[in-house]
Amino acid sequence: MLIAAVLIELALPDADSIKAKRRVTKAVKDRLRQRFNVSVAEISAHDERHAICIGCVMVGVDPRYLREQAEKAIRYVDRLGLAELVGDDIVISRLDEIDEVEVEEEDGLPPSWSRE
């Protein structure tokens, strides 16, 4: 099984509040889910009103198809015109090549993600 991970970085220079940023973020995520049937999440810059960082993941067996779909997803977000595309990245990996992350019992986060 192959996993395609897509990072999409967007800029919202005119956002006047976190609420405005979240509205755009939700719209982009919902449209990606609906159009490409991918898992989507905002993965960083949660409290930065001028930046959106979205990750989406898809699985499959054909690396060319996965890359093509990932590129289409990026172009789709750019064409939406809701925010300016400032960066993107696509990584395709085999499941058996990915390192497992140890999860702490207490809060369910890996040790390197400690909130302290």
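The list (i) 8.8; (ii) 7.0; (iii) 8.4 gives values of mean projected area of the Cα convex hull in nm², and only one came from this structure; which label was calculated from it?
Checked against the structure: label (iii).
Between LYS19 and ASP47, what is the label-point separation in nm under the 7 Å Cα-to-beta-carbon projection?
If labels sit at ASP47 and LYS19, their model points lie 1.9 nm apart.
How large is the charge dipole for the chain, taken about the Cα centre, if only the Cβ atoms of Lys, Arg (+1) and Asp, Glu (-1) carry charge, to the nearest 20 debye?
1060 debye
Could you compute the net charge surrounding PRO63? Neighbours are other residues with a C-beta less than 14 Å from the C-beta of PRO63; K and R count +1, D and E count -1.
That works out to -1.
Relative contact order for the chain: what percent, with Cα pairs under 8 Å and sequence separation of 6 or more?
For the chain, the relative contact order is 38 percent.
Classify the range 1-68 from the C-alpha gyration tensor, please: rounded if a/c falls under 1.5, else prolate or oblate depending on whether a/b exceeds b/c.
prolate
At what distance in nm do the modelled label points of ASP99 and TYR65 sit from each other, each positioned 7 Å from its Cα along Cα→Cβ?
The answer from the label model is 3.1 nm.
Only the coordinates and a few stated rules stand behind these numbers; no lab work does. In this text the structure is predicted, and so the values were computed from the model without any measurement. Neighbour counts run over all protein chains shown; Cβ positions are idealised from the backbone, glycine included.
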